[in-house]
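What follows is one structure encoded as structure tokens, with my remarks underneath.
The values are calculated or read from the model by the stated rules, or taken from the named source; none is laboratory data. Not measured: the values here are computed from a predicted model. With ideal geometry, Cβ positions are generated from the backbone for all residues, glycine too; neighbour counts draw on all protein chains shown. The protein model used for the area step is the full one, side chains on, heavy atoms only, and it has no ligands, DNA or RNA in it. Shrake-Rupley method; radii C 1.70, N 1.55, O 1.52, S 1.80 Å.
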Protein chains: 2
Amino acid sequence: MGSGEHSAGGVSGDANGRGPEAVGTPSAGRPRSEEAHQAILDATLDLLSEVGFSALTVEGVASRAGVGKATIYRRWPSKLPLVVEAFGRLPAFEDVDTGSLEGDLKAMLRQYLENFLATPLATVYPSLAAERSHNPELGQLMDPLLRGRRRPLDAAFERAQARGELAADVDVEMASDLIVGPVAVRLFFRGTTIHPDMVDGMVELALQGIRRPA
Amino acid sequence: MGSGEHSAGGVSGDANGRGPEAVGTPSAGRPRSEEAHQAILDATLDLLSEVGFSALTVEGVASRAGVGKATIYRRWPSKLPLVVEAFGRLPAFEDVDTGSLEGDLKAMLRQYLENFLATPLATVYPSLAAERSHNPELGQLMDPLLRGRRRPLDAAFERAQARGELAADVDVEMASDLIVGPVAVRLFFRGTTIHPDMVDGMVELALQGIRRPA
DNA sequence: GGGATTACGATACTATACGTCTCGATTTGT
DNA sequence: ACAAATCGAGACGTATAGTATCGTAATCCC
């Protein structure tokens, strides 16, 4: 099909340093097509949002991307790492600095909900969670990604601490679990939809706590 | 193999009323073996905790239970409802009434964590969550179960409200999401283990809120 | 420029598993 | 006795993961 696909080649950052994701990256012969790489990831995300993780087939990805199966397996040892890499391109929290912790959290959660959690793409999340329970290797692949995706949330807490708005000894990890947890449970475990307007109430409850005497 | 398996027949409660779970329950001929039914569910739970949901095979269950595949498919239309019914037998929250909301929540969460969440069986949870994202029917099967499993938690909130310990207009559903959510996220999404001693801090944070000025 | 090397898309192949079906034997109701 | 529905066992068709092999195309090294 196309021609002229050399590009600056910044994507496969580990080059031939044998990164953990590449199946093997030789240094002679025809180089791997960056076009095919992109097409595979795009097709993966497409199909992921259409049929979900469990119904995603490698053959389907190959066909949609217009590549052979070998071209996929040459890059990823199995379906799982492929989905993980595609997952890494999905929208995450975006940093918003409104000046107050409450404003930051509300804005970021709302944005994340609308941009990702409310789309069919969000189903990748529980699928990968299920998989990691019996595949520790997957956990190691995902954890850096997950931390990065949540980083803006942690940053908001740290800004609040620097401002003196929040005590310095508040456990930021636990706090962000308290923000994210209820949303995840409602969406993925209980199958509830969350209207964007609901995030304000949820953030407020997490910030002020359940305890409120009559 | 065995003999004498009639029993009081309390398990298949809907009898021949065509409940939503039985594939079809005729009223003539040889009755279905209650022994086989139990053996199938036991084998399902065994294998579920050993290999997880995605690696669970119906053939494996049949072999482990010592029954034919037809005996399984005669009772459950597919692997999914079988796992759901097995899920229904798993330990849930157990009601504890200590006299205070904080005491109730800490005791129940700790008990649930030790009895279920810290065991390999807990992996059924994210697996079913993943599946329901693309299978609304599964959601309908699970939701009553999930509500029932969480009922003791809601009851504790309602007791606190009746006692005047908690304002009557607190959203109990949201509150219990705030208790359960962080645990679920840590366990299933982030792959963290939770030491039983950590539940106290988590409950306290949910009760008093993140906001604590410097 | 030419040869070695590797990737390309396509497709045949093996192995596994779901869900259906049939088998002879068994257990019930009438 | 006879009909009906069960039992465990396993063959069968379909689908998919992952491997291997095809002839062709791109790039590196000499």
Open item on the list: Looking at segment B:169-176, can you tell me whether even one residue there is of a type outside the set (D, E, K, R) and more than 8 Å from every other protein chain (Cβ to nearest Cβ)?
Closed with: yes
Task: Filter pass, B:ALA65 being modelled with pLDDT of 95 or more and either within 14 Å of chain A (Cβ to nearest Cβ) or within 14 Å of DNA strand D (Cβ to nearest atom) (or both) - done: yes
- [ ] Return only the number of the condition from (1) open to solvent by less than 60 Å² (accessible area, probe 1.4 Å); (2) in a helix (DSSP H, G or I); (3) more than 9 Å from chain A (Cβ to nearest Cβ) that B:ILE194 does not satisfy.
- [x] (2)
Task: Evaluation of A:ALA214 against (1) at the interface with chain B (Cβ under 9 Å from one of its Cβ atoms); (2) open to solvent by less than 10 Å² (accessible area, probe 1.4 Å) (one fails), failing number - done: (2)
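Looking at this structure, is B:ASP46 farther than 26 Å from A:LEU56 by Cβ, outside the structural domain of B:VAL124 (by TED's automatic domain parsing) and in contact with a Pro (Cβ under 7 Å, 6 or more places away or on another chain)? Write out each step before concluding.
Details: farther than 26 Å from A:LEU56 by Cβ: yes; outside the structural domain of B:VAL124 (by TED's automatic domain parsing): yes; in contact with a Pro (Cβ under 7 Å, 6 or more places away or on another chain): no.
No, not satisfied.
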- [ ] Could you check, for segment B:52-72, whether at least one of its residues is at positive phi, small (Gly, Ala, Ser) and surrounded by 16 or more Cβ atoms within 10 Å (Cβ to Cβ)?
- [x] yes
- [ ] Would you check which residues across segment B:30-81 are charged (D, E, K, R), in a helix (DSSP H, G or I) and more than 8 Å from DNA strand C (Cβ to nearest atom) and list them?
- [x] B:GLU34, B:GLU35, B:ASP42, B:ASP46, B:GLU50, B:ARG64
Open item on the list: Among the residues of segment A:102-144, what is the count of those that are in contact with a Phe, Trp or Tyr (Cβ under 7 Å, 6 or more places away or on another chain) and hydrophobic (A, V, I, L, M, F, W, C)?
Closed with: 6
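Condition test on A:SER27, is it at pLDDT 95 or above, within 13 Å of DNA strand C (Cβ to nearest atom) and either open to solvent by less than 30 Å² (accessible area, probe 1.4 Å) or farther than 30 Å from A:THR192 by Cβ (or both)?
On the way: at pLDDT 95 or above: no; within 13 Å of DNA strand C (Cβ to nearest atom): yes; either open to solvent by less than 30 Å² (accessible area, probe 1.4 Å) or farther than 30 Å from A:THR192 by Cβ (or both): yes.
Judged against the criteria, A:SER27 is not a match.
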